[in-house]
1. Scan segment 69-86 for residues that are in contact with a strand residue (DSSP E or B) (Cβ under 9 Å, 6 or more places away or on another chain), modelled with pLDDT under 95 and not in a strand (DSSP E or B) and jot them down.
2. Between L100, L131, which is part of a strand (DSSP E or B) and either crowded, with 18+ Cβ neighbours inside 10 Å or touching an Asp or Glu at 6+ places or on another chain (Cβ under 6 Å) (or both)?
3. Being under 26 Å from L167 (Cα atoms), modelled with pLDDT under 90 and not charged (D, E, K, R) narrows it down to one residue among L66, L40; which is it?
4. What is the one condition in (1) out of contact with any Lys or Arg (no Cβ under 9 Å at 6 or more places or on another chain); (2) in a strand (DSSP E or B) that P114 does not satisfy?
5. Filter segment 52-68 for residues that are in contact with a strand residue (DSSP E or B) (Cβ under 8 Å, 6 or more places away or on another chain) and not in a helix (DSSP H, G or I); which is least open to solvent (accessible area, probe 1.4 Å)?
6. Has segment 113-125 got at least one residue that is at pLDDT 90 or above, open to solvent by 20 Å² or more (accessible area, probe 1.4 Å), in contact with a Pro (Cβ under 7 Å, 6 or more places away or on another chain) and under 26 Å from S187 (Cα atoms)?
7. Does segment 141-154 contain at least one residue that is in contact with a Leu (Cβ under 7 Å, 6 or more places away or on another chain), open to solvent by less than 80 Å² (accessible area, probe 1.4 Å) and either part of a helix (DSSP H, G or I) or modelled with pLDDT under 90 (or both)?
Amino acid sequence: LANTGILLSHREDTINAQRQWVENTKEEAGRMKTLVDELLFLARADTAHAPAMLPLDLSDVVMSRLLPFESVAYEQGLTLDSRIVPGITVTGDAGQLGQLTAILLDNAVKYAEPGSPIQMTLRREGRNAVLWVENRSAPIPPEKLGHLFDRFYRVDESRTGGEGFGLGLAIARTIVQSHRGSIGCTSTQGVTRFT
């Protein structure tokens, strides 16, 4: 709102002079759109809006979300390794399971120590599909592990750089629960793993 107020009060300025205010407004509008989308997702989940559950190849869903993160990891000096067993099928919502994968990868990239590896694994254990993402990072204190999936919770506000709203892991938990699964995190000896 401040940016648009500046633009309106300086109408005589050239577009080049106003460009920074326009770009900043666009960036902030994008952040607000993300927040609204995340809140709407959680609100729908709260009202028992069940996703469409269909047979799908989870290995393909996870791989399709992994590939775009390879360049993101590379740009940040990280290595992204995967062990995805092919042909793991589940009944679920492909869009939501892809979103879950992206949330876990995004967190792993965001909080990984520079130059460290990120590992994503998908395998079958009995009748269950098990997905985990781990990175090397500052350990998460045990008393904070239980709150990671709470809405708007952040372990350390200073680490986020203002990028997120603390809703990603709450959305991840909602997706997992709607698929009759469980989600958790361990953080020991410099390795943080979301399973």
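1. F69, E70, V72, A73, Y74, L78, listed by residue number.
2. Testing whether each residue is part of a strand (DSSP E or B) and either crowded, with 18+ Cβ neighbours inside 10 Å or touching an Asp or Glu at 6+ places or on another chain (Cβ under 6 Å) (or both) leaves just L131.
3. Matching residue, one of L66, L40: L40.
4. (2)
5. The qualifying residue least open to solvent (accessible area, probe 1.4 Å) is L56.
6. no
7. Checked against the condition, which is being in contact with a Leu (Cβ under 7 Å, 6 or more places away or on another chain), open to solvent by less than 80 Å² (accessible area, probe 1.4 Å) and either part of a helix (DSSP H, G or I) or modelled with pLDDT under 90 (or both), segment 141-154 yields at least one hit.
The values are calculated or read from the model by the stated rules, or taken from the named source; none is laboratory data. Here the structure is a predicted model, which means the values were calculated and not measured. Cβ coordinates were reconstructed from backbone atoms using ideal geometry, including for glycine residues, and neighbour counts include every protein chain displayed. Heads up: the accessible areas ignore ligands, DNA and RNA and are worked out on the full protein's heavy atoms, side chains in. Shrake-Rupley method; radii C 1.70, N 1.55, O 1.52, S 1.80 Å.
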